[in-house]
Each structure stands twice: as structure tokens, then as C-alpha cells.
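The structure appears right after this line, and notes come after that.
The values are calculated or read from the model by the stated rules, or taken from the named source; none is laboratory data. Predicted model only: the values in this text are computed from it and were never measured. Heads up, the Cβs are rebuilt from the backbone with ideal geometry, glycines too, and the neighbour counts pull from every protein chain shown. The protein model used for the area step is the full one, side chains on, heavy atoms only, and it has no ligands, DNA or RNA in it. Shrake-Rupley method; radii C 1.70, N 1.55, O 1.52, S 1.80 Å.
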Amino acid sequence: MDEMEEELKCPVCGSFYREPIILPCSHNICLACARNILVQTPEAESPQSSRASGSGVSDYDYLDLDKMSLYSEADSGYGSYGGFVSAPTTPCQKSPNGVRVFPPAVPQPGPQQHLLPHPASLPPIPRNSCITCPQCHRSLILDDRGLRGFPKNRVLEGVVDRYQQSKAAALKCQLCEKSPKEATVMCEQCDVFYCDPCRLRCHPPRGPLAKHRLVPPAQGRISRRASPRKISTCTEHELENLSMYCVQCKMPVCYQCLEEGKHGTHEVKALGAMWKLHKGQLSQALNGLSDRATEAKEFLVQLRNMVQHIQENGVEFEACLVAQCDALIDALNRRKAQLLAQVNKEHEHKLKVVRDQISHCTVKLRQTTGLMEYCLEVIKENDPSGFLQISDALIRRVHMTESQWGKGTLTPRMTSDFDLTLDSGPLLQTIHQLDFVQMKVPAAPILQLEECCTQNNSATLSWKQPPLSTIAVEGYILELDDGNGGPFREVYVGTETICTVDGLHFNSTYKSRVKAFNSSGVGQYSKTLIMQTSEIAWFTFDPASAHPDIVFSNDNLTVSCNSYDDRVVLGSAAFSRGVHYWEMTVDRYDNHPDPAFGICRGDVLKDVMLGKDDKAWAMYVDNNRSWFMHNNSHTNRTDGGVAKGSTIGVLLDFTRGILIFLINDEQQGPVAFESLEGAYYPAISLNRNVQVTLHTGLPIPDFYTPGEADPTSSVC
């Protein structure tokens, strides 16, 4: 009952209701609080002047005159009741729950502010007083009765009393002799509170006591202390009890109100009957609200589970992210080591080249310096003949040594710069672009049952993604079985969320399901939807596949021909399973032509008589007799022809694999064809001398009993 506590508190004082009264707006307020928020309107101001002045209106936002509605005493609605009310200029206060409260109009008692003094001790309410509902902010000018004109909410007062009693101190056992223990149950029949030991000793659950009803102490206290129902009196006639209910004003009234008051012409009903009626209506409304509350509780459980799942998934995702980033860092460190090794290799290579060149130049320079010093010593010699003996050789050696120091010898073989530049731009750009991408497969789609339907031998399916799913979807795959409990097969792949599948079997039950896919893979299937196609076939002639000489009318149910040669026209539906029957009526028959009726494959020849090729099985008939024909083979000549008004029936039974023809409700010849398997279209061939009207959706003729289906027969 803790959730109900807010319903039992006054919006002004924030405490439990004390002597609550009902305002015309159906909100409640303590009687003492109602006196506190009364406002006295200036008598001298006219409605026009008070509206024009607007004195102090800005101080009270919820008393905006343009938004204020005034209650009328004559009805339960809102309207003018003597003029608009100007707000006082004195400041307002706020109650504990934040509602604005007007300053008290009368002196208030100190600490016992919720205790209402005797009405005789209260000063009279000034004339032209106004009260504003603290919840909906609508205002009403009181009449001479003042607050006594508002009915007391005795039901609310009783609920508050019972609630406060249930919150009181724990009840004690009435049978404990010393130090009574806390009561655990109360017997409604014995009207006694028991603790567990006393209950087992004094109230054993056997014999006559086994039928007694034991309830919790709090519930027992409420039922025990509940006072008898008080009889309410009329607010206008205080000595009269409320005995009737005014349907128009929606309020209880007394007998004197009906005789003398404003309710005399209104429709009234017995108070007890309306009490039971409204209780029933409230109970019915509570049933719906209870369902919503149950759904809300289940939803809260779902949300709490989501919180736990989010926390678990968050920890798991963080760990996965850290692992992925650590893997990237490890890969970068490995690459760093590889690049450093490459730099060290280049470093060692440069040093080796330079050191080799230094060594080579050092040796050569030593040799050159020695030669130079030797030549200088030779030049110092004064013996001409001895000098000339070696001068030519020395000159050649000097020139040779000089040539060895030629171009490029004194040029470094290696630069000190490293011709390596780390191209980190693309990697940095990739790191900056590093972000979360969609790596999950889509959730299972939801089939929208209100938009899924079948019509004839077509099925329309509609689906959508779950409302909270944020996973990208690139397309959908719709699957149907074969209508005979076989495996599923894909019938649609695309981005649309609605699809119509044509060419299904009549009188068949199909299972359908859909799944979504994206670049990460294929998601789960939706729930399987079972759909039933039409039991009886409805179709027309098909203009799209007919020979150009065929003329259509009557919504493609009637055909004729512009040519003297036979031309073929097919039906709009193909059959491969079940038993089907349709008829054609001859509307015009001139010069004894030979129209042909039957079935065919979709690729039948359309410029010859039906049955001339191996794609058609037909019966052609004139005014006297008929023949069966397939692949230009004529068989079973039968007497009996057609004329204007004749009806030709075609019976196709896949359970037996046979085709039968009828003329004017009589079977024409024996079974025309057997061992029929696959998909066949209804068809006829005719020339300009014949006009035919098609009739479909017909029941199987009474004379025919369909055979049992062969479960091993192949269908298409």
C-alpha cells in the first residue's frame, strides 16, 4: 500500500487529508487548507475593470486571467460566475510538495495547523471569496454557502483512516498472559489476534476451527475497526439524506432537491443502483489498468535485465577493445623493431664504406708523402749525372701517383645523411580514422501480421526490423516452403520490406520466414508464419500471354477473336496440385466452328488449334461431336456438340492425374487424359465465329468423387 500514499496526501499541506472536500474539478483538498487559500475579490471592481487592470496578475502565474476558468453553480462545467477575479497583490507561499498556496484569510492556530476548529469558532467567509484548485489552477467564486457548498469526500477520508491504522504500531496477541507477543494472525470468526504459540494451542487447524479464516493482523485490524458506512447529507439541504443520483449533473441529490431544487427536471436514478453500476464500471476500468500495470512491471523487469546485460556487455566490450588496441600496439612495436633494424643496417653500411675509404686514402697518402719526401731529397743532390740517371723514373712515378689522386678519388663514397624517410602519414590517418564499425549480423525481422494476407493463389508478406535495433541491414531473404511440408526455398532477395508471391498452389498451407543480412553475415530467421491459399481458384483470361488476335471484354472473362484461324488464350493461373473445376459458356457460335477447350503448358503454340502440339491437352468440338487431341493425335470421338448457350466444363484432378470434360453438366466421353504431372494453365482456342465467357470459383460437380492424393507424386 506504500505506492498509494501519494494519493492520500493533500496537494497544499503535503500531509494526509483531514476532512477532504471535493472541488468541482474532481480534485480534493483539506477543509482547513481550503480556508487557507481563499482569496477575497474586490466588490467595487466590475468584470471589465478587473480584467483591464490586471493588478498583481504577474505575481501568480497560474491565475493568468486569459487562462482562468470559473465554475458555474448551474452545471458541472466551467463558465462565468459573476465576473473575472483579480489576483491579490500579497506574496504567496509554497506547500511542502511545491504547490503555490495563498496566505491564510483567517488567523491560524500554531502547532496544530491541521486540526480544524469547530465551525462556530471560525470567522465567517467573506463575500465574493474565490478558491483556486492547487492542481489544475481553475478558480471558482464561492456562493453564500461558502465551503459548505462542496461535498465531503467520505470515501477518501475512510481510506486515509484505514491506511493510517495499517501503519500504526504492531498488534499484540490477546491470549498471552505475560508480556504479550506480537500477533501474527487474526481469526475473522473469533475476532481474536493470535501469536504463533497461542494459535497452535488455542486455535488448532482442525475440527470446526479448520473452517475459520485467518488473515494478517493489519488486514484484520482494518476490517475490525472499520466504522459503519456514514449516511451523507445534502450540501444544500443539510437535514436531508442523499437518496438519488442526478444523471445530468453526475452528483447525488436528496428528495428535496428533486422537489424544489434545480434537479427537478433532470433524469435521476436510485442511488444504490448507480452505486453498484459505477462500482462495476470502476472495477472494469481497473481491470484494464491492472493489465497495463502488469505489463509495466514486466517491462521494468525487462529494463532491469537490460541494465545487467548492458553492464556485462560493457565490461566484455571494453576488454575486447583493450585487447584489440594492445594487438595494434604490439604490431606497431614489432614494425618499429623492424624499421630500427633497417636503420642500423644502413648505419653500419655507411660506416663501413667511409672507414674503408679512410683506410685506402690513408695508405695512399702515406705512399704519396714518402714519394714526395724522397723526391725532395733527390733534388738536394749536387751530382748532375747521378740525378739524371733517376730523374726520368721519378718524374714518371710522380705523374703516376698524381694521376692516382685523380677525379673522384678525393670525393666521399658515402653521404652522412640517411636517405630513409618514414612514411607514417597513411598510418596516422588510419589511426585517426580508427572507429567502431558494424560487425554484427542483423537481428531477426518481425513479421507484421496485420499486413500479411493471401488472395487467391498469391501471398503478401510484410516485415520490419525490431524497433530498438541499430544494426545496419543491407537486404532481406524471404523463404517459403512448397506448401506440402517440404523444405524452404528462397523466393525473394532484396531491400524491400513487403513482397507478394504469385503462382502458389491453391488450397495449400505455406510456411514463410524472413531473415536480414549485411556485410557481416546473415541474421536469425523471423518467426514462421503459416498462410492458407484460397480453397477454390478464381482466375481470368490472361491478355499478356494471349495471341494478338484475341479480343478481351467483361474484365477479361469474355474472349473472342479477329481471325478466321484458331488462336489460343491461357488463363491467368497455373495449377499443379489439388482438384480444380471451371466452366465456359458459348455466347456466340456461327458457321459451325471447332473451338477447343483444355489445359496447356506456358510455352504452348498460340497460332494453331489447342492440342496440335505436345504442350496442350484439349477437347475440340463442333455442333455434332467432339474429339480429344494431344500432339495432333485425335482420339475418342463422342457424339454431342455445342451451340449458343452451351456450357463446357473442365475438371482437372491432380490427385489422380486425370482430365475430364463436360458439356451441359454431362461428362463428355471417358477420362480424356491420364498421368498428368506438372504445372498446367487453363486454355482455349477459337476463331472469329465463337465468343466464350469464363466462370471460375465453382465447386466440384456432385457426380465426381476426388481420389486420395499420392504423396509420392511430383508437383511443380
### Task
Can you find, among ASN287, VAL378, GLN338, the residue farthest towards the positive end of the dipole of segment 275-406? Put +1 on the C-beta of Lys and Arg, -1 on that of Asp and Glu.
ASN287
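Kindly identify segment 440-532 as rounded, prolate or oblate by the Cα gyration tensor criterion: order the square roots of the eigenvalues as a ≥ b ≥ c, call it rounded if a/c is under 1.5, otherwise compare a/b with b/c, prolate if a/b is larger, else oblate. Write out the running numbers ahead of the final one.
Numbers: a/c = 2.28, a/b = 1.85, b/c = 1.23.
Prolate, since a/c reaches 1.5 and a/b exceeds b/c.
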#### Entry: Global geometry of segment 181-222, whether rounded, prolate or oblate, following the gyration tensor of its Cα atoms and the 1.5 cut on a/c
oblate
### Summary
Measure of exposure for VAL155: accessible area at 1.4 Å probe, Å² rounded to 10, is 110
#### Entry: Rounded to the nearest 20 debye, dipole of segment 181-222 from Cβ charges on Lys, Arg, Asp, Glu
140
### Highest average packing first - 580-590, 129-139, Cβ atoms within 10 Å
129-139, 580-590
### Task
With +1 on each Lys and Arg Cβ and -1 on each Asp and Glu Cβ, and nothing else charged, work out how big the dipole of segment 550-695 is about its Cα centre, in Debye to the nearest 20.
100
### Message
Under 5 Å between amide hydrogens, which residues at least 5 positions from HIS263 or on another chain qualify, with H placed 1.01 Å from N in the peptide plane?
### Response
none
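Using a/c under 1.5 as the rounded threshold, could you call segment 550-695 rounded, prolate or oblate? The axes a ≥ b ≥ c are square roots of the C-alpha gyration tensor eigenvalues, and prolate needs a/b larger than b/c, oblate otherwise. Display every interim value, and only then the final one.
Working: a/c = 1.40, a/b = 1.23, b/c = 1.14.
Rounded is the answer for segment 550-695, as its axis ratio a/c remains below 1.5.
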### Task
Taking the Cα centre of segment 428-534 as origin, work out the dipole magnitude from +1 charges on Lys and Arg Cβ and -1 charges on Asp and Glu Cβ, in debye rounded to 20.
260
### Query
Which listed residue (VAL354, HIS432, LEU480) has the Cα farthest towards the positive end of the charge dipole for segment 328-485, taking +1 on Lys and Arg C-beta and -1 on Asp and Glu C-beta about the Cα centre?
VAL354
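List the GluC sites (Glu not before Pro) within segment 267-305 that fall in a DSSP loop (any state other than H, G, I, E or B) and whose Cβ has at most 12 other Cβ atoms within 10 Å.
Working: sites: GLU267, GLU295, GLU298; in loops: GLU267.
Answer by residue number: GLU267.
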## Note on the structure
Expressed per residue, the solvent accessible area of segment 507-624 in Å² (1.4 Å probe) is about 43
### Message
Under 25 Å between alpha carbons, and skipping anything fewer than 8 positions from LYS336 in its own chain: which lysines qualify?
### Response
LYS345, LYS350, LYS352
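Counting other C-beta atoms within 10 Å, and keeping those with at most 14, which DSSP coil trypsin sites (Lys or Arg not before Pro) do you find in segment 629-670? Write out the running numbers ahead of the final one.
On the way: sites: ARG637, LYS644, ARG656; in loops: LYS644, ARG656.
For trypsin sites (Lys or Arg not before Pro) across segment 629-670 that sit outside H, G, I, E and B with at most 14 neighbouring Cβ atoms in 10 Å, the list reads LYS644.
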### Task
Please tell me which of these pairs span more than 31 angstrom C-alpha to C-alpha: LYS152/LYS269; LYS9/LYS172; LYS181/LYS279; LYS440/LYS511?
LYS181/LYS279
### Task
May I ask you to list the chymotrypsin sites (Phe, Trp or Tyr not before Pro) in segment 329-430 that are in a DSSP loop and have at most 16 other Cβ atoms within 10 Å of their Cβ?
TRP405, PHE418
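Considering only the other residues whose Cβ falls under 13 Å of the Cβ of ALA443, what net charge follows from Lys and Arg at +1 and Asp and Glu at -1?
Working: positive: LYS440, LYS464, LYS515, LYS527; negative: none.
With Lys, Arg at +1 and Asp, Glu at -1, the net is +4.
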### Query
Picking from CYS187, GLY207, GLN219, whose Cα lies most toward the positive end of the charge dipole for segment 181-222 (charges on Cβ: Lys, Arg +1; Asp, Glu -1)?
GLY207
